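Worksheet: one structure, shown below.
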Amino acid sequence: MDLSIDGRTALVTGGSKGLGFASAAALSREGAKVAIAARTEATLAAAAKTISAQSIIANLSDRAGVLGCIDRTRELIGNPDILVINTGGPKPATFAETTPEGWREAADQLFHFTIDMLTAFLEPMKQKGWGRIVVITSFAAQEPVANLLYSNALRAGIHGLINSVAAEAAGHGVTINAVMPGFIMTDRMAGLGLDLEKVAKSIPAKRLGQPEELGDLVAFLCSDRGAYITGQAIACDGGILKGI
Ligand SMILES: NC(=O)c1ccc[n+]([C@@H]2O[C@H](COP(=O)([O-])OP(=O)(O)OC[C@H]3O[C@@H](n4cnc5c(N)ncnc54)[C@H](OP(=O)(O)O)[C@@H]3O)[C@@H](O)[C@H]2O)c1
């Protein structure tokens, strides 16, 4: 299937590893001119080289870092046709362990970051009459995970945001969707201290996902073929979510 992404420009934040990298790699493979952003220079440079992308060093938990990333993106690739919004996950916590400061930090990292990215890049897409936005969230937005209170709450809020923005943008050729990873084998997953064999047995597909499986979904949503899919949250989770 020709996804017709050739010649489009794309920014993938959190793009040096894991799900962001897999998304950037899929877009690059389909012919997009890609920029990836992350904090760690060496990992970022190596990732960018592998997929022939531009690299942007930025701490996206910090508003100055987010605004710097937006400026640098415009210098390197202009306003992107495709935007994949992704970053590291917030700290684990039960509700009893959450703090007002923790809520503010997590909200900056996930919710306000998403709003800043949309504020910068949605309007130029609408003016151009073509744009694709994908936010990497989590299945936890629909099926809360114990101990991940910040993520459960804020990602559900992001879905509400996306649904609302999608309705405003749809008439301008711009789609916006969320993809919800389940348990996908990345550095972050390896570092969570979970018994991954036990996790795999609990998933209907009986295995963890591979980052490329999510990356290919992102590329499809960012293509011309994905033009009629907007305002959706689509799981890539081996069958964990069962609601309709
Ligand atoms: N893997 C899963 O199965 C899964 C499931 C549900 C949800 N998620 C969510 O999906 C997102 C990506 O997960 P992943 O597994 O791909 O994680 P990962 O392998 O740790 O990759 C995270 C990427 O984001 C970058 N990043 C992290 N914090 C950043 C910051 N403050 N500023 C700029 N870049 C930052 C990292 O690079 P640097 O560290 O160098 O900055 C890296 O490129 C996370 O929000 C995670 O919670 C993942």
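The values are calculated or read from the model by the stated rules, or taken from the named source; none is laboratory data. What you see is a predicted model, and the numbers here were worked out from it, not measured in a lab. As a convention, Cβ positions derive from the backbone with ideal geometry for all residues, glycine included, and neighbour counts pool all protein chains shown. Surface accessibility is based on the protein's heavy atoms, side chains included, excluding ligands, DNA and RNA. Shrake-Rupley method; radii C 1.70, N 1.55, O 1.52, S 1.80 Å.
Please give the per residue volume of the convex hull enclosing the alpha carbon atoms of region 112-244, rounded to a whole number of Å³.
Each residue corresponds to 115 Å³ of Cα convex hull volume.
On the Cα set of region 71-118, report Rg and Dmax in Å, please.
Cα radius of gyration and Dmax of region 71-118 are 14.5, 44 Å respectively.
Rg/Rh for region 1-121: what does it come to with C-alpha atoms and Rh from Kirkwood?
1.01
Mean-square fluctuation check for the chain, GNM, Cα pairs under 10 Å: which of D108, D216, D187 is largest?
Maximum among the listed residues: D187.
If amide hydrogens are placed 1.01 Å from N in the peptide plane, which non-local residues have theirs closer than 5 Å to the one on I133?
Here L83, T175, I176, N177 satisfy the definition.
Debye calculation, C-alpha points only, no solvent: report log10 I(q)/I(0) for region 50-154 at q = 0.20 Å⁻¹, in the same order as the q values.
Log10 I(q)/I(0), no solvent term: -1.05.
Any idea what % of Cα-Cα pairs in region 21-64 are farther than 14 Å?
43 percent
Can you check what the net charge comes to around P124, using other residues whose Cβ is under 10 Å from the Cβ of P124 (Lys, Arg +1; Asp, Glu -1)?
Once all neighbours under 10 Å are counted, the net charge is +1.
Only helices at least 18 Å long along their axis, Cα-based, and averaging -0.5 or more on Kyte-Doolittle count here, so list those DSSP H runs from the chain.
63-77, 113-128, 149-169
Tell me the per residue accessible area of the chain using a 1.4 Å probe; a whole number in Å² is fine.
Accessible area per residue: 47 Å².
At 1.4 Å probe size, with the rest of the protein present, what percent of the exposed accessible area of the chain is carbon and sulfur atoms?
Carbon and sulfur atoms account for 53 percent of the accessible area of the chain.
Take the Cα radius of gyration of region 193-232 and divide it by 2.2 N^0.38 Å, with N its residue count; two decimals is plenty.
1.62
Want the number for L194 to S52: 0.36 nm per residue separation, take away the alpha-carbon distance, what's left?
47.7 nm
Which peptide among 23-36, 195-208 comes first, and what is the full order, when sorted by highest mean count of other Cβ atoms within 10 Å?
Put in order of decreasing packing, that is 23-36, 195-208.
Quick one: in the chain, what % of C-alpha pairs are over 31 Å apart?
The share of Cα pairs beyond 31 Å in the chain comes to 17 percent.
What does a probe at L67 reach in region 119-134, counting residues whose amide N is under 18 Å from the point 7 Å along Cα→Cβ?
119-122, by backbone N distance to the label point.
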